[in-house]
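The structure appears below as structure tokens.
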Amino acid sequence: MTTVLAFVVTLGLLIVVHEYGHYRVAVACGVKVLRFSIGFGRTLWRRQRGETEFIVAALPLGGYVRMLDEREAPVAPNELHRAFNRQPLRKRTAIVAAGPLANLLLAVLLYASAHWIGIEEPKAVLGTPPAGSAFEHAGLHAGDWVRAWSDGDGSWSELASLNELNWQVVRHALNRQAMELSVSDTQGHGTRQVALALDRLELREIDAEAIRRIGLPGAFREPLMGEVRAGGPAAAAGLHAGDRIVRIDGQPITDAQQVFDRIRGAVREGHGVAMAWQVQRAGRAADVTVTPRVVNEAGRTFGRIDAYVGSVPQRVTVRYGPFDGLWKGVQRTWDMSVLSVKMLGRILVGEASVRNLSGPLTIADAAGQSAQQGLVSFIGFLAVVSLSIGVLNLIPLPMLDGGHLMYYVFEAITGRPVSDLWLARLQRGGVAILLLVMSVALYNDVARLLGLQ
């Protein structure tokens, strides 16, 4: 129920904002708006306000603003000056661009709101980087606190949280840029600079393999035993909540990620492999033998001990004042927009997989999960989707706002509008491309739900 409600709120809010952008600018430009519709198909709710009919329709996967236009129906002579097609090029451009720009402006305000409210995030203290990753090659270790980052130009930007670090690393990796990190121990002592050679990875997209090569570690967690389920391998080995794991098979353990990796990898020929653990309990050392049970999920086999391993990561509250929060919103919207355009371009030229495309099922699932995590998380999700709608609608593809803006660029250059014949051809081509993209996105949604991706 939460997922459905969050999905409806997401679509409703973002569609209303998009269409209201068109509507408000059209009215400001003196164009008569006949209908403001949220959704398509059968009308569920209708209200007439002045000269505009407001409608909520059954299929909430979009909306439209219908304006007075001679190309759609005859217009009375006394209203010709209020027809959309009779407006000068600058006004038509402003009306069409207003929808996507409204979504981008909403993204700025949503990101800013999240920063004003305050976001509780993991502190930028690293867990163990994966072997062979860029983080490991840079000499980063479990317990390192990343304080700031730089492009290597001498200027440093402070990092407020692990999430911000991950975002900057992903952005630099996709842009194929190296970056430097200022690192200290967990108490802030022994500051050093390390170089992260992300430019050498030559990544085209962020997938599981890319994440492994970068080596984005999780938050640092002490190697402590948490809840132990009765009847599981951990309970059978005599482990208890609060035990600190010191060594596994003679190797020192510094954080929970190492324990997790050892457990998952303790499988040979379909059977769990016994591991010699040394734990510290009430100030005394104890040796136990742990044999994980074997789990097979989505064709992958790994070990599990039926216990929670790791302390709760250190968390910080990231909050900014009115101006700093707004500026952070502008920065994040700009960075995400640029990244989205680059990713779409790579998909178009075949450098990135079409599996990156997501449809309504993925959006609904993400809406539900973010809503369950709290208000700030849901606000951040709304910002991402609003930004995506704004960017996608600016793509110069017929049927989208960007396609109409493309026509206006042609008109501005040549001094004449696109002919009706070419408009019809381009519209048909645009419909075909949109249907293809929607089909791919829906297939990706279903494949993810079935565990095929």
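The values are calculated or read from the model by the stated rules, or taken from the named source; none is laboratory data. Because the structure is a prediction, the values reported are computed rather than measured. FYI the Cβ positions are ideal-geometry reconstructions off the backbone, even for glycines, and counts take in every protein chain you see.
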### Message
One residue is enough: does the stretch 260-269 have a residue meeting the conditions assigned to a strand (DSSP E or B), more than 29 Å from residue 122 (Cα to Cα) and in contact (Cβ under 8 Å) with a residue 60 or more places away in the chain?
### Response
no
### Message
What are the pairs with Cβ atoms under 8 angstrom where one residue, in the stretch 196-223, is closer than 21 Å to residue 145 by Cα and the other, located anywhere, is in a loop (DSSP other than H, G, I, E, B) and β-branched (Val, Ile, Thr)? Sequence gap at least six, or different chains.
### Response
217/128; 220/186; 221/312; 223/253; 223/254
### Query
When you look at residue 222, is it in a loop (DSSP other than H, G, I, E, B), over 18 Å from residue 129 (Cβ atoms), out of contact with any Phe, Trp or Tyr (no Cβ under 7 Å at 6 or more places or on another chain) and of a type in the set (Asp, Glu), yes or no?
no
## Note on the structure
Checked pairs for the stretch 15-27, first in contact (Cβ under 8 Å) with a residue 60 or more places away in the chain, second surrounded by fewer than 21 Cβ atoms within 10 Å (Cβ to Cβ) and assigned to a helix (DSSP H, G or I), C-beta under 6 Å and 6 or more apart or across chains, list as 25/94
### Query
Looking at (1) under 30 Å from residue 371 (Cβ atoms); (2) buried (at least 22 other Cβ atoms within 10 Å of the Cβ); (3) modelled with pLDDT of 95 or more; (4) of a type outside the set (D, E, K, R), which is the one condition that is false for residue 105?
(2)
### Summary
Condition set modelled with pLDDT of 90 or more and of a type outside the set (A, V, I, L, M, F, W, C), scope the stretch 1-20, selection nearest to residue 383 (Cα to Cα): answer is 18
### Query
Quick one: what pairs do we get from the stretch 246-257, first residue closer than 20 Å to residue 219 by Cβ and free of Cβ contacts under 8 Å to residues at least 60 places away in the same chain, second among the basic types (Lys, Arg) and surrounded by fewer than 21 Cβ atoms within 10 Å (Cβ to Cβ), C-beta under 8 Å, 6+ apart or different chains?
253/247
### Task
Say whether the condition of being under 30 Å from residue 258 (Cβ atoms) and either part of a helix (DSSP H, G or I) or at pLDDT below 70 (or both) is met by at least one residue in the stretch 327-348.
no
### Query
Taking interchain pairs and intrachain pairs at least six residues apart, which have beta carbon atoms under 6 angstrom, with the first residue in the stretch 418-429 and under 16 Å from residue 408 (Cα atoms) and the second surrounded by 11 or more Cβ atoms within 10 Å (Cβ to Cβ) and not basic (Lys, Arg)?
418/407; 418/410; 426/398; 427/398
## Note on the structure
Checked the stretch 28-39 for anything out of contact with any Phe, Trp or Tyr (no Cβ under 8 Å at 6 or more places or on another chain) and among the hydrophobic types (A, V, I, L, M, F, W, C); matches are 28, 29, 34, 38
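The rows are residues; the columns are (1) in contact with a strand residue (DSSP E or B) (Cβ under 9 Å, 6 or more places away or on another chain); (2) under 26 Å from residue 214 (Cα atoms); (3) surrounded by fewer than 21 Cβ atoms within 10 Å (Cβ to Cβ).
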| site | (1), (2), (3) |
| --- | --- |
| 99 | yes, no, no |
| 113 | no, no, yes |
| 130 | no, yes, yes |
| 136 | no, yes, yes |
| 144 | yes, yes, no |
| 148 | yes, yes, yes |
| 152 | yes, yes, yes |
### Number of positions in the stretch 115-128 that are touching a Phe, Trp or Tyr at 6+ places or on another chain (Cβ under 8 Å) and either buried (at least 21 other Cβ atoms within 10 Å of the Cβ) or closer than 30 Å to residue 187 by Cβ (or both)
6
### Query
Yes or no: residue 173 more than 28 Å from residue 288 (Cα to Cα), buried (at least 16 other Cβ atoms within 10 Å of the Cβ) and touching a Leu at 6+ places or on another chain (Cβ under 6 Å)?
yes
### Query
Just a yes or no: is a residue in the stretch 349-356 closer than 23 Å to residue 163 by Cβ, in a helix (DSSP H, G or I) and modelled with pLDDT under 85?
yes
### Message
Go through (1) within 20 Å of the chain's Cα centre (by Cα); (2) part of a strand (DSSP E or B); (3) within 27 Å of residue 20 (Cβ to Cβ) for residue 64 and report which single condition fails.
### Response
(1)
### The lone exception for residue 266 - which of (1) on the phi < 0 side of the Ramachandran plot; (2) more than 38 Å from the chain's Cα centre (by Cα); (3) of a type in the set (A, V, I, L, M) it fails
(2)
#### Entry: residue 42 being in a strand (DSSP E or B), touching a Phe, Trp or Tyr at 6+ places or on another chain (Cβ under 6 Å) and among the basic types (Lys, Arg)
no
### Query
In this structure, does residue 426 turn out to be at pLDDT 70 or above, within 19 Å of residue 71 (Cβ to Cβ), touching a Pro at 6+ places or on another chain (Cβ under 6 Å) and among the aliphatic types (A, V, I, L, M)?
yes
